[in-house]
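Rule-based calculations on the coordinates, nothing more; no lab input. Predicted model only: the values in this text are computed from it and were never measured. Neighbour counts are summed over all protein chains in view; Cβ atoms, including those assigned to glycine, are modelled from backbone coordinates with ideal geometry.
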Amino acid sequence: MSIKVINSGLMTTIQDEGRTGYQASGMQVSGDMDRYSASIANALVGNDTDAALLECTYLGPELEADEDVLVAVTGGEPKVLVDNQPAHAYESLILHKGQHLKVTSMQEGTRAYIAVDGGIDVPLVLGSHSTNLKLGIGGADGCKLSNGEVLNTGKPSELAKAILARKSHIRHTDHEFMQHRHLWPEIQHGGIQEIRIVLGPQDDYFTPEAVKALDGADYVISNDSDRMGYRLEGQVIQRANQKDMITDGIVFGSIQVPPNGLPIIMMADHQTTGGYPKIATVISADLPLLAQCSPGTKISFKVISVEEAQDIYIQFRKMWQEQINLMDTEYEPASWPDRRPGVCNYNLTIDGQLFQVSVEKL
């Protein structure tokens with residue numbers, strides 16, 4: 001089946017987890033800016049969490065289904081319409097043949113993710129479907145989507161087929177988990193957004209006073225920001241000396257400091273290496289939150305230890321997986337094999353196949 005792009009929106013691209021394994025050759029990873037939201041969208045329609053989907057910025061697309069299809073929209077707080085009627089984000093939605101899905105705006109956050117059962121079927125480039133606009137590769141011929149484009153989709157999962165057969169919206173996730181997860185700083189509404197960082201690997205290139213001042217330092221995300229990096233406006237970070245640095249590897253979240261002293265946070269399309277020293281790195285658990293921050297957002301850095309960052313990420317990944325598992329247990333086929341008192345019924349997905357399991361206490 002296929003999805004027609006009636007209106008492409010402001011900036012809609014095809015993304016997945018990214019192009020890993022090629023950084024040693026100078027190839028950028030790219031991929032979803034907000035990996036958490038993208039994986040939840042895919043889980044809602046029964047896809048593997050790394051399936052290709054649509055990432056849209058601010059104003060999303062209008063899509064038309066050529067047959068019944070299961071879709072889901074996540075990321076921040078998007079405003080979703082089906083045939084101009086309000087629909088829920090963070091929920092499986094059945095889009096019937098000829099119906100239109102719109103993401104008209106972002107009430108909170110910057111990026112929304114639209115998953116379609118079976119995923120978006122575009123050619124792999126170096127093992128990924130992700131669009132890299134600067135290199136012009138991946139996705140829809142290396143470009144953002146255009147009006148009138150037709151996107152083929154892959155084979156739907158057994159779970160998606162079952163949901164479509166029931167004609168009901170039966171998988172959802174709690175948006176409060178996204179907005180108020182206790183392991184992440186709460187998303188601020190017009191205030192200062194706290195972003196946690198660990199120092200290094202080149203914090204010794206800066207004065208002790210500058211490193212100390214980074215904890216609690218406030219910055220504003222500049223308008224000169226994109227998927228490659230967020231330029232920050234605020235206090236200048238002073239170098240201890242002006243010695244040159246050997247070009248070094250970069251990761252998603254690295255905070256480079258160029259000669260003008262104003263930091264740049266590397267994002268999904270970051271280059272593989274760079275010659276500016278990196279004073280700190282945003283912790284992995286806060287990258288999805290940072291991805292939802294827009295130009296003009298005020299952020300405040302909080303320095304934590306590597307051990308704290310590791311503990312937070314372990315707990316975050318556990319909660320992430322629990323959220324996906326919860327969506328699976330909420331799916332209830334029309335007729336369970338056993339409904340006797342004391343019997344617990346579950347659905348279990350193995351290699352894309354759905355199994356109904358009943359467990360009786362002994």
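Of note:
- Diagonalising the gyration tensor over the Cα atoms of the range 192-310 and scaling each eigenvalue by 5 before taking the square root yields semi-axes of 19, 16, 15 Å, largest first.
- For a label point 7 Å along the Cα-to-beta-carbon line of HIS100, residues of the range 46-75 with backbone N under 17 Å: 59-67
- Once the Cα gyration tensor of the range 79-127 is diagonalised, semi-axes √(5λ) in Å: 23, 16, 9
- Partner lysines whose Cα lies under 30 Å from the Cα of LYS97, excluding those fewer than 8 positions away in the same chain, are identified as LYS4, LYS79, LYS144, LYS155, LYS161, LYS167.
- Rounded to the nearest 0.05, the FRET efficiency derived from the C-beta distance between VAL251 and CYS143 at R0 = 35 Å is 0.85.
- The base-10 log of I(q)/I(0) for the range 1-110, evaluated at q = 0.13, 0.15 Å⁻¹, reads -0.48, -0.62 [Debye formula, identical scatterers on Cα atoms, solvent excluded].
- Pair ASP66, SER222: separation of 7 Å Cα→Cβ label points (nm): 4.5 nm
- Listed by chain and number, the lysines placed with their C-alpha closer than 26 angstrom to that of LYS212 are LYS243, LYS278, LYS298, LYS302; residues fewer than eight positions away on the same chain are left out.
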